[in-house]
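*Asks:* This structure is in structure tokens; I'll ask about it shortly.
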Amino acid sequence: MNVMNLRDEFPILSRELYGRKLVYLDNSATTQTPDSVVKAITDGYTRTKANVHRGVHTLSQEATELQERARRRVAEFINASSHEEIIFTRGTTEALNLVASSMGGMVLGEGDELILTVMEHHSNIVPWQLLQARKGFRIRVVPVTPSGELDMDVYRSLFNDRTRLVSVCHASNVLGTVNPVASMIAEAHAHGVPVVVDGAQAVPHMPVDVRALDADFYAFSAHKMYGPTGIGVLYGKREWLEKMPPYQGGGEMIETVSFEKTTFAELPFKFEAGTPDFVGIAALTHAIDFMERVGVQAIHDHEQELLAYTTRRLLEEIPGIRIFGTAPGKCAIISFLVGHEHHYDMGMLLDKLGIAVRTGHHCAQPLMHAFGVEGMVRASFAVYNTIHECDAFVDALKRVSAMLG
Ligand code: PLP
């Protein structure tokens, strides 16, 4: 893969900060966007902007076709059985809120149990807690081992006749751990329990096949996979989506409305109230085209090379570094602390050297508590990062640790 050619498609990567070349290593928070996606957004506003599913006029039909083409493209990309199982949302967060509110509200009642894991992003904790306050079920939590892997013995032991649902991330946004979701789903299904998967950190980095996983629900965000912001996807098995009540009410999601009785639209529109971000949705097609043009496996392999190289250099050259998450096969995320230095100070100083990394709790406070820390520094990689940038990062961190130490 010629990364240098790829980088030309991302104008932001040639920015300079404080007189240095930007090294963007905050890809788990959001990836940068290639020209083709930006052009699709511009075209959406300058050529085809009209509300979708509402007009007989040509522009509306074109906009509708672009949105529905994106739905078919997403379905193919994750191997859903049908585009009707693809619901567009604002992001992973809204997708998980939708499942919790609609499906969770249906299956979880007082005395029931939901299984989560300690490595979940707040987006896969708080929606369930909001529901818990109304429904009074119990949340059981799978802990992690010191290497940052789920304790599968505990997971298996948590199932009982009150277990109604499991919700788990495919890959951790802090540890990089790729959870064995296929076997976790098989275990849950053996107990008759459906599984929701938060795929926000998996879809950008590895091939995902929702049918091979047998996931009941699978959520992810476009902005973390070279796509536009404000667009997310919820995949749900038709058998579930058909049974679930709508999440929000409004235009688009109805069949007929009267004050006596309102009936709802067919899938997937039953779950898409109001005017969607049809421009962004259409642009998601181009993000998928980008990923497939490069090759999802090639993206994965390249990021793994950067991960192995950077990890080796960090361990050899930064005294006192502690890397959180050392599971084999983890995705290209390195969360760390150095000695007693504060994560925020390190992040600030790295920024002054042109290196963009994340600091803080990474929206995973329970996981921070499990490791006994308040925050970490996180470097996360994408397909356009280079070995040269990994060197720049390690060299900058050496300087920063020397300055602080
Ligand atoms: N889940 C995981 C694992 C994440 O990493 C993130 C974002 O960082 C989210 C959920 C929330 O995604 P969004 O903010 O796009 O809704």
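*Asks:* Let me know the number of lysine pairs in the chain closer than 20 Å at the Cα, not counting same-chain pairs under 8 apart.
*Replies:* Within the chain, the lysine pair count is 11.
*Asks:* Show me 289-300, 349-360 ranked by packing, highest mean number of other Cβ atoms within 10 Å first. Please list the in-between numbers first.
*Replies:* Working: 289-300: 16.8, 349-360: 19.1.
Top to bottom by mean Cβ count within 10 Å: 349-360, 289-300.
*Asks:* Still on this structure: On the protein heavy atoms, probe 1.4 angstrom, tell me the percent of accessible surface of region 291-373 carried by carbon and sulfur. Show your work: numbers first, answer last.
*Replies:* Numbers: 2050 of 3720 Å².
Carbon with sulfur: 55 percent of the solvent-accessible area.
*Asks:* Further, regarding this structure: So if R0 is 51 Å, what FRET efficiency would residue 81 and residue 404 give, r being the distance between their Cβ atoms, rounded to the nearest 0.05?
*Replies:* That pair, residue 81 with residue 404, gives E of 0.45.
*Asks:* Could you give me the ³J(HN,Hα) list for region 188-204, computed from phi with Karplus coefficients 6.51, -1.76, 1.60 and θ = phi - 60°, whole Hz, x at Gly and Pro?
*Replies:* 4, 4, 4, 9, x, 10, x, 10, 9, 10, 8, x, 4, 9, 9, 3, x
*Asks:* Rounded, prolate or oblate: which fits the chain when a ≥ b ≥ c are the square roots of the eigenvalues of the alpha-carbon gyration tensor, with rounded for a/c under 1.5 and prolate only if a/b beats b/c?
*Replies:* Details: a/c = 2.12, a/b = 1.25, b/c = 1.69.
It is oblate, given that a/c is not under 1.5 and a/b is not larger than b/c.
*Asks:* Provide, in order from the shortest bin, the percent of all Cα-Cα pairs of region 150-202 in each 5 Å bin, continuing until the bin that contains the maximum pair distance.
*Replies:* That works out to 5, 20, 31, 24, 13, 6, 1, in percent per bin.
*Asks:* Hey, if you put +1 on the Cβ of every Lys and Arg and -1 on every Asp and Glu Cβ in the chain, which of 181, 206, 96 ends up farthest toward the positive end of that dipole?
*Replies:* The Cα lying farthest towards the positive end belongs to 96.
*Asks:* Ok, one more. If you keep only loop residues by DSSP, which trypsin sites (Lys or Arg not before Pro) in region 31-64 have at most 13 other Cβ atoms within 10 Å of their Cβ?
*Replies:* 47, 54
*Asks:* Please report the relative contact order for the chain, taking Cα pairs under 8 Å with a sequence separation of at least 6, and give it as a percent rounded to a whole number. Numbers along the way, then the final one.
*Replies:* On the way: 798 pairs, mean separation 93.3, N = 405.
Computed value for the chain: 23 percent relative contact order.
*Asks:* In whole angstrom, note down how far apart the Cα centers of region 327-405 and region 151-199 are.
*Replies:* Answer, in whole Å: 28.
*Asks:* Roughly how many Å² is the accessible area per residue of the chain, as a whole number, for a 1.4 Å probe? Walk me through the numbers before you get to the answer.
*Replies:* Working: 16780 Å² over 405 residues.
I get 41 Å² per residue for this part.
*Asks:* Which value, in debye to the nearest 20, gives the size of the charge dipole of region 164-254 about its Cα centre, when Lys and Arg are +1 and Asp and Glu are -1 at the Cβ?
*Replies:* Details: 6 positive and 8 negative charges, 14 e Å.
So the magnitude is around 60 debye.
*Asks:* Please get the size of the charge dipole for region 97-223, origin at its Cα centre, with Cβ charges of +1 on Lys and Arg and -1 on Asp and Glu, quoted in debye to the nearest 20.
*Replies:* Dipole size: approximately 320 debye.
*Asks:* Let me ask another. By the gyration tensor of its Cα atoms, with a ≥ b ≥ c the square roots of the eigenvalues, what is the shape of region 180-269: rounded for a/c under 1.5, prolate for a/b over b/c, or oblate?
*Replies:* Note, shape of region 180-269 comes out oblate.
*Asks:* Rounding to the nearest 20 debye, state how big the charge dipole of the chain is about its Cα centre with +1 on each Lys and Arg Cβ and -1 on each Asp and Glu Cβ. Could you put the intermediate results ahead of the total?
*Replies:* On the way: 37 positive and 48 negative charges, 105 e Å.
So the magnitude is around 500 debye.
*Asks:* How large is ³J(HN,Hα) for each residue in region 375-390, as worked out from phi by the Karplus curve 6.51 cos²θ - 1.76 cosθ + 1.60 (θ = phi - 60°), to whole Hz, x for Gly and Pro?
*Replies:* Residue by residue, region 375-390 yields x, 9, 9, 10, 10, 9, 10, 9, 5, 7, 6, 10, 4, 4, 5, 4 Hz.
*Asks:* Give, in nm to one decimal, the length gained when the segment between residue 257 and residue 147 is fully stretched (0.36 nm per residue of separation minus the Cα-Cα distance).
*Replies:* Numbers: separation 110, 0.36 × 110 = 39.60 nm, distance 5.42 nm.
In short, 34.2 nm is gained.
*Asks:* Classify region 1-83 as rounded, prolate or oblate, taking a ≥ b ≥ c as the square roots of the eigenvalues of its Cα gyration tensor: rounded when a/c is under 1.5, otherwise prolate if a/b is larger than b/c and oblate if not.
*Replies:* Working: a/c = 3.12, a/b = 1.83, b/c = 1.70.
Cα axes put region 1-83 in the prolate bin.
*Asks:* Ignoring everything except DSSP H segments at least 4 long, calculate the 222 nm mean residue ellipticity for the chain; use -39,500 (n - 2.57) per segment, divide by total residues, nearest 500.
*Replies:* -11500 deg cm²/dmol
*Asks:* Residue by residue, what Karplus-based ³J(HN,Hα) values in Hz, rounded to whole numbers, does region 22-38 have, using 6.51, -1.76 and 1.60 with θ = phi - 60° and x for Gly and Pro?
*Replies:* Residue by residue, region 22-38 yields 4, 10, 8, 10, 10, 6, 6, 6, 6, 8, 7, 10, x, 3, 4, 6, 4 Hz.
*Asks:* If you restrict to DSSP beta bridges whose two residues both lie in the chain, what percentage is antiparallel, to the nearest 5? Show your work: numbers first, answer last.
*Replies:* Working: 26 of 44 bridges.
In the chain, approximately 60 percent of DSSP beta bridges are antiparallel ones.
*Asks:* Given a 10 angstrom Cα cut-off, can you work out which residue in 34, 11, 180 is the most mobile in a GNM of the chain?
*Replies:* 11
The values are calculated or read from the model by the stated rules, or taken from the named source; none is laboratory data. Keep in mind that this is a model prediction, so the values were computed, not measured. Reconstructed Cβ throughout: ideal geometry from the backbone, glycine too, with neighbour counts over all protein chains shown. These accessible areas exclude ligands, DNA and RNA; they are computed on the full protein's heavy atoms, side chains included. Shrake-Rupley method; radii C 1.70, N 1.55, O 1.52, S 1.80 Å.
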